[in-house]
1. Of all residues in the range 82-112, which are polar (S, T, N, Q) and open to solvent by 40 Å² or more (accessible area, probe 1.4 Å)?
2. Would you point out the residue of the range 162-207, among those that are open to solvent by less than 20 Å² (accessible area, probe 1.4 Å) and over 17 Å from the mean Cα position of the chain (by Cα), that is nearest to Ala291 (Cα to Cα)?
3. Any chance you could count how many residues in the range 182-223 are without any contact (Cβ under 8 Å) to a residue 40 or more places away in the chain and hydrophobic (A, V, I, L, M, F, W, C)?
4. What strands (runs of 3 or more DSSP E), lying completely within the range 1-89, carry at least 2 residues that are touching a Lys or Arg at 6+ places or on another chain (Cβ under 7 Å)?
5. Quickly run through the range 268-297 and pick out the residues that are of a type outside the set (A, V, I, L, M, F, W, C), in a loop (DSSP other than H, G, I, E, B) and touching an Asp or Glu at 6+ places or on another chain (Cβ under 8 Å).
6. For the range 1-47, which positions are at negative phi, free of Cβ contacts under 8 Å to residues at least 24 places away in the same chain and within 44 Å of the chain's Cα centre (by Cα)?
7. Hey, among the residues in the range 48-74 that are within 11 Å of Ile3 (Cβ to Cβ) and free of Cβ contacts under 8 Å to residues at least 12 places away in the same chain, which one's surrounded by the most Cβ atoms within 10 Å (Cβ to Cβ)?
8. So which residues in the range 123-160 are small (Gly, Ala, Ser) and surrounded by 12 or more Cβ atoms within 10 Å (Cβ to Cβ), if there are any at all?
Amino acid sequence: MTIHRVNRMWSRDSFDVQSLDGLRKRAGIVEGHQIECDPDTTELELAADSRVPATGSLWKTTQQIRCKRRNFVRVSPVLWMAILNFEGEYGPEGPNDTPLNSPPIKKWTDIETDAPIDEDINGKAIVTKTGEPIDGVTMKIADNVLTVQRNYQVFSPFLTSQYRHSVNSDNFDGYPPGMARLTGFSAEEVWDEAAGGYWTVSASIQFREPYRTTPERAWWARVRHEGYYCYSPDTRKKVKCIDKHREEVSRPELLDEDGFQIKDDEENGILARDQAIWLEFPLYKPLPYAALGLLDG
């Protein structure tokens, strides 16, 4: 049960390099080792011998090209052959460079969403001829979507999840604050941390088109300022809105910035529906997207 010698077989070597995107590079390496041993040496003893590179061990001086598979083939009662397959990503400076130095991979697409709208392209309220608001009108709005993939030494699901309910507080890839929102991410551990692994993270950023609003409010909720109650111009108290017949309304009425009912200005020919006010509410907290480190380096 003795292993006498383990010799490298140069005739079995091969080296394969590929890069499907031109940015990230992967290597596939095959080594052969000849093992001389006693006839009763077991497969487990062969696999445990320290002279045969173990699964997970690094290839030479590389940082993430590791042994992924070992195949032991018996040639004779006292001779075995071990075929080792090394695979892994490396950085832009060559096989000895860490994949953490690989540049981010960016992909641009777009997405159309049906967004509810309450005014036309000219800013006028969408209402009937009698001034009643029309609900359910939608418009297809096209947003750009950026998908970024890059490698990280460490990854924190908790910290990343904070960004899932946020918008950018800084300029991000040419877009002003408020337009970018992290809409999805995934992370895959390439090798376990005990072996010095890293994470490949993919993140999707959607840039909301600021239709009829400003960029910093692109992701804000937006509704007409209307209701059944308004402030009385005389008493400044909250009262039920009344229609032109001086009766309490049965549908919401348009309100101005201070909560007073907007009425038709018949003297100047200005209708209430053309004076509609919109309220906007922030839904996502602003966070610095540069801190995500997606586009650095």
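The values are calculated or read from the model by the stated rules, or taken from the named source; none is laboratory data. None of the values given here were measured: they were computed from a predicted structure. Glycine gets a Cβ as well: all are built from the backbone with ideal geometry, and neighbour counts include every protein chain shown. Only protein heavy atoms, including side chains, enter the accessible area calculation; ligands, DNA and RNA are left aside. Shrake-Rupley method; radii C 1.70, N 1.55, O 1.52, S 1.80 Å.
1. Asn96, Asn101, Thr109
2. The residue in question is Tyr198.
3. So the count comes out to 3.
4. Per the criteria, 3-18, 25-37.
5. Across the range 268-297, the qualifying residue is only Pro288.
6. Asp13, Ser14, Phe15, Asp16, Val17, Gln18, Ser19, Leu20
7. Ala48
8. Hits for the range 123-160 are Ala125, Gly131.
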